[in-house]
């Protein structure tokens, strides 16, 4: 059963992305506590890669995550890894949702998937939700809560909690640049000399990494859920697929890419929401100052990490456009992603010139 949504954050499942509710429900009964009735399925329409669904069984709700349809890049969209990451991090960082079940039998729905808890709250995407906009000084409050949440994540002792086992901190930054460069080449459709220059700059200008922490690797406003009626309480941090153990400034750089360059025409072409460039929101310098004050970390090399963040975002969008270009997905949201990629490459290249 696939139903139209009664919830503001879900919708009917997109054509071609349906799940067989009867088969799925039969598989889950007896494996997940609370699934005793036939299930209904809706879809969370946000996101551009992994598919996320709301399952309902009686009065119980669960979230199902699976990878995208069609071929994907090697090691990308690893739902098994994301499940184990959340399972390990949740006890130490409650903003990470709890997980209930991992299914690696692809015959059930056609891919590996897992179930996690359903969290409720407000997410800031294309616009600010009315319940947050009504709060006085909401821009400042959200800015501070968002930065402080990232600082809390980076404060977790990865050795004492044994979370260091989730990754290999040695050589993390080198692997980031090399790995994302390889992803770019696999998804490349035409020559991009400016991108070649960006990759060369990132390789030769690499700073010495700070002490390793958990790295979310996609920390942005629309991956953060605020508690209902609050601009300062974060209910959940979502989308842990790319999380790692390594240099925390990688998170800061990518976050600034989404957050602080939104007034740049290149990022407007990338269709990122621009409300954080408005009155009351923390600007780039205040963002970095608060993060440094909360963590005690040296941010003098932040420009390098910002270029790295823009580069990674360009590669992500290129991978999505490549799948669309090859006919591996028909989602019309992706048809102009090549223009967004070109805009991001131009922005990264322009920042190189400022660095000399």
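The values are calculated or read from the model by the stated rules, or taken from the named source; none is laboratory data. Just so you know, these numbers come straight off a predicted model, no measurement behind them. Note: ideal-geometry Cβ built from the backbone for every residue, glycine included; neighbour counts use all protein chains shown.
Assorted remarks:
- Candidate set: region 112-135, residues that are part of a loop (DSSP other than H, G, I, E, B) and in contact with a helix residue (DSSP H, G or I) (Cβ under 8 Å, 6 or more places away or on another chain); chosen: the one farthest from residue 277 (Cα to Cα): 112
- Checked against the criterion of being assigned by TED's automatic domain parsing to the domain that holds residue 189, in a strand (DSSP E or B) and modelled with pLDDT of 85 or more, the candidates 320, 245 yield just one match: 245.
- Test: residue in region 293-309 that is modelled with pLDDT under 90 and in a loop (DSSP other than H, G, I, E, B): no
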